[in-house]
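Just below is one structure, and these are the notes that go with it.
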């Protein structure tokens with residue numbers, strides 16, 4: 001009875017409890033799991049997020065990461081060793097939050113950010129209640145009154161335009177309910193794309209919308225989750241701007257965060273805590289603790305009376321194609337034949353593509369497909385008037401992506417094509433600055449210096 | 001007669017001379033050209049590179065750039081204004097070069113680098129003789145005895161694996177003739193890809209092979225051509241290493257160049273002079289004037305007795321595919337159906353791909369296609385053991401690209417597949433360091449700092 005209760009108090013329910021009991025396994029035991037599709041995992045059984053799917057168990061692997069493993073009746077579970085970790089103290093929810101603090105909504109979409117560490121034991125489990133969050137990061141109780149809603153819980157590599165729509169509409173609902181800012185907890189892999197999507201979808205924002213993630217699982221000593229959350233909630237609660245931003249570490253030590261404009265931000269490192277970078281733009285703000293230092297005056301100011309307009313549709317028939325030496329027309333031809341509506345080319349240099357795909361690009365445009373040129377250089381600006389190849393592409397009707405990131409150009413083209421398929425209008429909108437994605441001039445100092 | 005002679009002395013020949021004479025046009029006149037495919041260009045008729053195609057005229061446009069325009073009998077040529085530029089002083093070839101200087105071969109492939117400026121007039125024309133080069137950059141005569149060969153003259157966006165083979169074999173020929181180093185003048189758009197290709201193709205190099213380009217046309221006051229050429233020739237003549245490197249500006253002012261290892265370099269800015277960056281690695285050397293300061297001891301030392309081995313074949317049935325939210329299986333399926341031999345995926349984060357393409361990736365591998373995972377983050381390292389998605393992909397047989405650039409992984413896979421189609425052997429080679437493309441550990445300091 002004790003063990004059964006214990007499993008349930010850590011979030012395990014129903015069938016799973018029976019299976020785990022049968023294997024004589026409790027939370028914090030070291031176990032081996034053989035799934036029906038042949039995977040073998042060894043690790044410590046961890047507490048389970050309340051809103052996770054009922055058939056998932058959470059294992060802490062030897063490399064320190066937690067994974068969810070789907071269990072069915074043919075999964076084999078073996079006990080290796082009892083009680084590898086002591087049980088964490090349950091979170092205390094007796095905090096008194098000041099009534100005059102701004103209200104911030106935190107929306108969960110997945111990722112490692114919203115997970116709770118018990119500092120005594122190093123155990124980690126997802127924190128989905130406000131009390132858990134205050135307990136994980138006590139500083140938050142001095143910054144804002146938090147509300148929380150879990151929208152879904154997916155790997156960010158599985159994020160799609162359909163999810164962007166759900167997030168945009170949920171953000172709008174929370175803003176309409178009067179909150180002072182919204183924080184979205186998101187996996188880092190595609191956070192830049194989602195930030196761009198929300199930047200276009202949420203027109204006339206009255207308050208800030210902040211995406212935040214963690215590069216290191218919060219059960220690791222080097223986790224960036226706490227500082228990022230403090231930075232994100234601070235920006236949502238009191239930043240002077242009303243834009244979509246990503247708030248993440250500004251350098252690898254726990255010294256400050258940066259708020260990057262949603263259309264100008266990119267994940268540039270697989271694992272560093274300061275992976276996110278503003279490209280061709282300055283970050284909007286530096287956040288030290290809960291203090292916000294603006295780095296520019298060029299922003300939409302916070303104004304709770306401004307009326308939010310939601311344009312959350314995205315056309316999914318849009319693809320990104322990066323060019324490379326030896327490329328054949330195969331990839332572009334397929335997109336034409338499959339009835340795509342838009343293609344963003346990640347070409348070379350100032351906006352060039354190999355001769356081998358020129359006739360396919362021409363055919364695409366002739367068949368009414370919007371083709372936008374961006375550069376795989378990442379930094380800089382498309383300029384197709386300099387060399388003959390650029391002139392040829394412009395003459396075919398290719399739309400120059402100016403200083404937009406390829407990823408932002410993709411998201412914008414999806415958004416524009418959901419409004420119109422008229423190529424003239426598509427061109428006009430792609431060349432119109434909607435959400436800070438186009439700068440009228442290139443500021444060269446935005447390129448990071450080299451250290452030698 | 002005078003005018004006819006004049007046109008010929010500037011490189012125009014045959015039919016073109018007749019057409020230009022008919023329009024009463026001389027070099028340095030301002031003219032308008034309407035091509036048979038409808039392009040209209042206005043600019044100043046410039047001297048023509050001797051080895052360019054016979055039907056090309058060179059125009060200096062109002063934006064300062066020179067372009068080549070193909071002329072046929074239906075092209076309309078109109079004189080706008082006579083003699084807009086005074087004629088340049090012909091280069092003086094009376095330099096005395098010291099007999100004890102190292103010998104460096106310069107191979108031309110195209111690009112703006114090998115163009116000659118007349119400093120009096122600002123006129124520019126391609127420099128294809130050694131005398132022209134010494135005249136353009138007099139410092140070179142103190143560094144090396146130059147030889148020169150024009151291999152071809154193409155936009156670098158049109159570079160293909162077939163051209164890489166030609167370059168590799170020509171480099172080998174020059175090295176076998178005993179030169180102390182080889183410089184390859186190359187357009188910047190795909191110079192990183194070619195650098196990687198030569199790094200794999202030229203095994204056991206005895207002397208350095210240096211790719212060099214220019215980000216600004218050498219007729220602009222801000223041209224980087226001279227400093228880059230001095231840096232490149234210095235490295236070829238006397239650097240202590242025998243590797244394939246890219247030598248370009250290290251910062252935006254004319255202060256120094258950097259030599260980047262060919263497998264670790266990438267064009268990261270569309271227009272800045274310091275566009276090229278070493279990724280996940282330190283540059284090999286800093287070059288101030290003609291002085292080489294090594295930044296690492298980790299290199300293959302120069303040794304003229306080492307016997308070069310050329311492996312210049314590349315399999316062109318390899319594609320690079322960048323993932324994005326909302327991606328469908330269409331692109332991967334096409335590559336399978338078209339009989340491709342290899343696919344490099346530019347996934348997200350530590351090496352993830354959206355669920356929507358997993359079954360296509362599995363099908364590709366099941367059909368014998370080599371699939372390599374890299375990251376669109378650019379900096380960092382693939383680690384597919386951290387999250388469940390990575391584990392799933394590894395289990396399917398996806399080969400982790402470690403800390404390789406996506407572009408380098410593409411080139412390497414083309415090179416490996418030209419040697420073997422056996423997936424086990426492909427995996428072994430992809431995971432074996434061949435030319436500095438794989439570092440055993442990630443050095444975090446190679447990520448550029450942010451300036452705020």
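The values are calculated or read from the model by the stated rules, or taken from the named source; none is laboratory data. Just so it is clear, the structure is predicted and the values come from calculations on it, not from any experiment. With ideal geometry, Cβ positions are generated from the backbone for all residues, glycine too; neighbour counts draw on all protein chains shown.
Some points to look at:
- All conditions but one from (1) away from chain B (no Cβ under 12 Å); (2) surrounded by 24 or more Cβ atoms within 10 Å (Cβ to Cβ); (3) under 25 Å from residue A:411 (Cβ atoms); (4) in contact (Cβ under 8 Å) with a residue 60 or more places away in the chain apply to residue A:237; the one that does not is (3).
- Among residues of the range B:363-391, those that are more than 28 Å from the chain's Cα centre (by Cα) and more than 12 Å from every other protein chain (Cβ to nearest Cβ), counted: 7
- For the range A:407-452, filtering for residues that are over 26 Å from the mean Cα position of the chain (by Cα) and within 14 Å of another protein chain (Cβ to nearest Cβ) leaves 9.
- Those strands (runs of 3 or more DSSP E) of the range A:14-130 in which 1 or more residues are at pLDDT below 85 occupy A:40-46, A:56-60, A:66-70, A:115-117, A:124-126.
- If the condition is being modelled with pLDDT of 95 or more and assigned to a helix (DSSP H, G or I), then the range A:229-279 contributes A:230, A:231, A:232, A:233, A:234, A:235, A:236, A:237, A:238.
- Residues in the range B:294-327 that are touching a strand residue (DSSP E or B) at 6+ places or on another chain (Cβ under 8 Å) and facing chain A (nearest Cβ under 10 Å): B:295, B:315, B:317, B:318, B:319, B:320, B:321, B:322, B:323, B:324, B:326, B:327.
- Applying the criterion of being surrounded by 24 or more Cβ atoms within 10 Å (Cβ to Cβ) and out of contact with any helix residue (DSSP H, G or I) (no Cβ under 8 Å at 6 or more places or on another chain) to the residues of the range B:245-259, the residue that is farthest from residue B:283 (Cα to Cα) is B:250.
- Residues of the range B:246-261 that turn out to be in contact with a strand residue (DSSP E or B) (Cβ under 8 Å, 6 or more places away or on another chain) and more than 14 Å from every other protein chain (Cβ to nearest Cβ), as a count: 0
- Unique match (being closer than 25 Å to residue B:216 by Cβ and not assigned by TED's automatic domain parsing to the domain that holds residue A:159) among A:402, A:407: A:402
- Residues of the range B:329-345 satisfying the condition of being part of a strand (DSSP E or B) and facing another protein chain (nearest Cβ under 7 Å): none
- In summary, helices (runs of 4 or more DSSP H) completely within the range A:357-452 and bearing 3 or more residues that are in contact (Cβ under 8 Å) with a residue 40 or more places away in the chain occur at A:406-417, A:423-430.
- Test for residue B:242: is it surrounded by 21 or more Cβ atoms within 10 Å (Cβ to Cβ), over 17 Å from the mean Cα position of the chain (by Cα) and assigned by TED's automatic domain parsing to the domain that holds residue B:214: yes
- Subset of the range A:144-183 [surrounded by fewer than 22 Cβ atoms within 10 Å (Cβ to Cβ) and part of a strand (DSSP E or B)]: A:145, A:147, A:148, A:149, A:150
- Residues of the range A:269-283 that are in contact (Cβ under 8 Å) with a residue 60 or more places away in the chain and within 11 Å of chain B (Cβ to nearest Cβ): A:275, A:276, A:277, A:278, A:279, A:280, A:282.
- Yes/no for residue B:450 being surrounded by fewer than 23 Cβ atoms within 10 Å (Cβ to Cβ), in contact with a strand residue (DSSP E or B) (Cβ under 8 Å, 6 or more places away or on another chain) and outside the structural domain of residue B:205 (by TED's automatic domain parsing): yes
- When we screen B:435, B:364 for residues that are in contact with a strand residue (DSSP E or B) (Cβ under 9 Å, 6 or more places away or on another chain) and within 26 Å of residue A:157 (Cα to Cα), the only hit is B:364.
- Tally of residues being facing another protein chain (nearest Cβ under 8 Å) and in a helix (DSSP H, G or I) across the range A:184-196: 2
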